[in-house]
Amino acid sequence: MGLWDKIRGEFIDIVEWLDPSNDTMVYRFERHGNEIKQNAQLVVRESQAAVFINEGQLADVFAPGTHTLNTQNLPILSTLQGWKYGFESPFKAEVYFVSTRRFTNLKWGTQNPIMMRDAEFGPLRLRMFGTYCVRVADPAVFIKEIVGTDGQFTADEVSEQLRNLIVSRFSDMVAESKIPALDMAANYDEFGRFATERLHPDFVAYGLDVSNLLVENVSLPPAVEEALDKRTSMGVVGNLQQYAQFQAANAMEAAAKNPGGEAAGGIGLGMGFAMANQMVQNFGQGQAAPGGPPPLPNAAPAYFAAMGGQQTGPHTLEALQQQVQQGTLKPETLVWTQGMADWTAAAHAPALAPLFGAVPPPLPPS
């Protein structure tokens, strides 16, 4: 520092800080020998506080306003200095201006995934990101606990420590909530409010106040997101048989518009029909899964018969054959089975007509 700076320092009578930045939290007022003249004017603007440090010991804190620096408004510093040189002599003190405004849009996020047990997916790793706001609530505590002797302290210097604190508390809170991963998006606001309450005591210990902690995103691992996208696609498709027919129709339409010639169009049509038939067989007819048992054979139809003025049955073909032999079921007996429009004589039912041909006619009267 040159001679002129030293001389100018002797005549400083205004102590103030005009903040040209948007991220400075604490600024140390610099001048030669830390000397301040008696009755100097201290200008503390809104969203600022001025902290006086004497020989490493915190002395006085000034709120916004214009203050004349003398023994009346410097009680602690006056006691520390002793004023052995008289009230008009310059005194030495470090002056730190602390910005008490809100520092917004500070980022927080998980460097490593959070391990948790999800009710739907099982063990799961989640990443979380968001923003928060912070302000200096107690300038004296903030300087003692965080800033120290840093002449120009910015928000970046404390954001990493605050981020680790937020992630630690937030991870514990999410794991305890047991909210399924797919339902977390509906609880972002609740997470933010609850995390702000949980973090308040930790920030107070640093002289800070946290507010507007927001959760912007909770993301799943890429492999899980890919599987989830496939599952969503299947839900959007809906009826697989109709979707297969739609795809086949699109293929045939594209083949018909193919300018490559009739032969190429014929090949495209053939492939489209083949794919459509194959997919319809797979999805529409309930094809058995590989390794499973074959489908059950069709059961023989069962018939109802009108005997003695009452409906009897259902009867199997074997039972009806025995009744024919016993003479209980006659050709004119009305029968019905599923698929028939109305009751029909047994001799006219295609499946029952052979039963009467195998039975000899009744003996003629003697």
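Every number in this text was worked out from the coordinates using simple rules, so none of it is lab data. Here the structure is a predicted model, which means the values were calculated and not measured. Reconstructed Cβ throughout: ideal geometry from the backbone, glycine too, with neighbour counts over all protein chains shown.
Among PHE153, PHE203, which comes first, then next, by fewest other beta-carbon atoms within 10 Å?
The order, fewest Cβ neighbours first, is PHE203, PHE153.
Rounded to the nearest 0.05, what FRET efficiency do PHE129 and GLN57 have when you use their Cβ-Cβ distance and R0 = 45 Å?
It comes to 0.60.
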